[in-house]
Amino acid sequence: MKKFKIKSGDTVKVIAGDHKGSEGKVLQILKDKDRVVVEGVNMVSRHTKPSAANPQGGIVKKEAPLHISNVALVENGQAVRVGYKVEGDKKVRFSKKSDKAI
């Protein structure tokens, strides 16, 4: 099973690609494809057919996944690397820049 240092609900910053510099909250992690969906970043237009749920149909804007290597966790407005350490009997994530638990 793959393990990532970024979790759903974390605030991340895009560090590479077309949306470099954008920040947002992680909505979903796609472990099998090594990708994350970030709120308000990498928006794409999807053409939808009319259905019972959406009788009008039309063009819908939604977030597309980004590769997980192109995002970094944000702490105090700066992108930081994440490590793990054991405090007592708990394993916690910590920022390698400030050495504080996240």
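Results, tabulated for the structure shown:
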| read-out | value |
| --- | --- |
| Pairs with Cβ under 9 Å, 6+ apart, first in the range 1-15 and under 14 Å from PHE94 (Cα atoms) and among the aliphatic types (A, V, I, L, M), second open to solvent by less than 20 Å² (accessible area, probe 1.4 Å) and not in a loop (DSSP other than H, G, I, E, B) | ILE6/VAL12; ILE6/VAL26; ILE6/VAL36; ILE6/VAL71; ILE6/ALA72; ILE6/LEU73; ILE6/VAL82 |
| Residue within the range 90-97 that is touching a helix residue (DSSP H, G or I) at 6+ places or on another chain (Cβ under 9 Å) and either on the phi < 0 side of the Ramachandran plot or of a type in the set (Ser, Thr, Tyr) (or both) present | no |
| Candidates LYS25, LYS20 - the one that is closer than 19 Å to PHE94 by Cα, open to solvent by 80 Å² or more (accessible area, probe 1.4 Å) and at pLDDT 95 or above | LYS25 |
| Residue among VAL41, VAL80, VAL74, VAL92 that alone is touching a residue at least 24 places away in the same chain (Cβ under 8 Å) and in contact with a Lys or Arg (Cβ under 9 Å, 6 or more places away or on another chain) | VAL74 |
| Members of the range 44-64 that are among the hydrophobic types (A, V, I, L, M, F, W, C) and either surrounded by 11 or more Cβ atoms within 10 Å (Cβ to Cβ) or closer than 20 Å to GLY77 by Cα (or both) | VAL60, ALA64 |
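Residue-wise test of (1) within 14 Å of the chain's Cα centre (by Cα); (2) over 30 Å from MET1 (Cβ atoms).
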site	(1), (2)
LYS25	yes, no
ASN42	yes, no
ALA53	no, yes
PRO65	yes, no
GLY83	no, no
GLU87	no, no
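The values are calculated or read from the model by the stated rules, or taken from the named source; none is laboratory data. Values in this document were obtained by computation on a predicted structure and should not be read as measured data. Cβ atoms come from the backbone with ideal geometry, glycine included; neighbour counts cover every protein chain shown. Just so you know, the surface numbers come from the protein's heavy atoms only, side chains and all, with ligands and any DNA or RNA stripped out. Shrake-Rupley method; radii C 1.70, N 1.55, O 1.52, S 1.80 Å.
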